[in-house]
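Undergrad: The following block contains the structure, expressed as structure tokens.
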């Protein structure tokens, strides 16, 4: 009986376990499904982490490259700041020196003029050696030579544009130049004209001279400056050269007349009795340093003669 009861209890136990197992099987399946989903989630997490590591490494590499690129920029920026500071310091130093120099010039202006009197007199003597309007007259002479060359070049082209008889040089008997005294064999030139009417004359470049008159001229910079000094417009073509030459000659004549007027005025100033400071103070051997050598005082000589005359009259009265 005991054995039967043990078997029956074992059977009941197994039945209970079967019912529990039937209830537990869906849970096992759910667990397996969750484990599979967990594995897939872990795999995706691993992939995401690996991608994050790659992105982080790239970010670090980009930051390192950016730092390398910023280093020369920062060096240049610091160097520019240093140069700006040096520039500011130099400007301040220059302003200080300029103010000090301006003050020194203001304080020593009259002393410097008196101390450098011999140099000023020497410069005045050098300037007096040149005649008045020397620069203007020299400019006029240069322009006259230049315009004469242009006109002569145009005249040569006119001669080339005439007839053959005009182009031929004269014979040896028509000139007195010894260089043109050719032998008699060279007096007759062997020029053969083409057959045809002997009365007709062959034209040689007849339009060349006309074209030359209207041909534009390219002037050099020096000559353009010379024309500008005289307030004249340079000739644009060869035909305008003669008119400009007339204007330049008028200007030269004007300055020559002014030179003669200046010479007369200087002569009148030289003979005018202007007393000097030193002669008035009693010195008879030196003129005033504030006057030019041309305007030397004649009052000192007059005073000297008057003093001699007075001494002579006093001696005569004493005798």
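The values are calculated or read from the model by the stated rules, or taken from the named source; none is laboratory data. Remember, predicted model here, so these are calculated numbers, not experimental data. Methodologically, a virtual Cβ is constructed for each residue, glycine included, from the backbone with ideal geometry; neighbour enumeration extends over all protein chains shown.
Yes/no per residue for (1) closer than 16 Å to residue 135 by Cβ; (2) assigned to a helix (DSSP H, G or I):
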{"site": "226", "(1), (2)": "yes, yes"}
{"site": "232", "(1), (2)": "yes, no"}
{"site": "239", "(1), (2)": "no, yes"}
{"site": "242", "(1), (2)": "no, yes"}
{"site": "246", "(1), (2)": "no, yes"}
{"site": "249", "(1), (2)": "no, yes"}
{"site": "255", "(1), (2)": "yes, yes"}
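Undergrad: Among the listed residues 98, 87, 142, 138, identify the single one that is at pLDDT 85 or above, surrounded by 10 or more Cβ atoms within 10 Å (Cβ to Cβ), within 30 Å of residue 234 (Cβ to Cβ) and out of contact with any helix residue (DSSP H, G or I) (no Cβ under 8 Å at 6 or more places or on another chain).
TA: Answer to the check: 138.
Conditions (1) under 15 Å from residue 136 (Cα atoms); (2) assigned by TED's automatic domain parsing to the domain that holds residue 150; (3) modelled with pLDDT of 85 or more, marked per residue:
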| position | (1), (2), (3) |
| --- | --- |
| 228 | yes, yes, yes |
| 232 | yes, yes, yes |
| 236 | no, yes, yes |
| 241 | no, yes, yes |
| 283 | no, no, no |
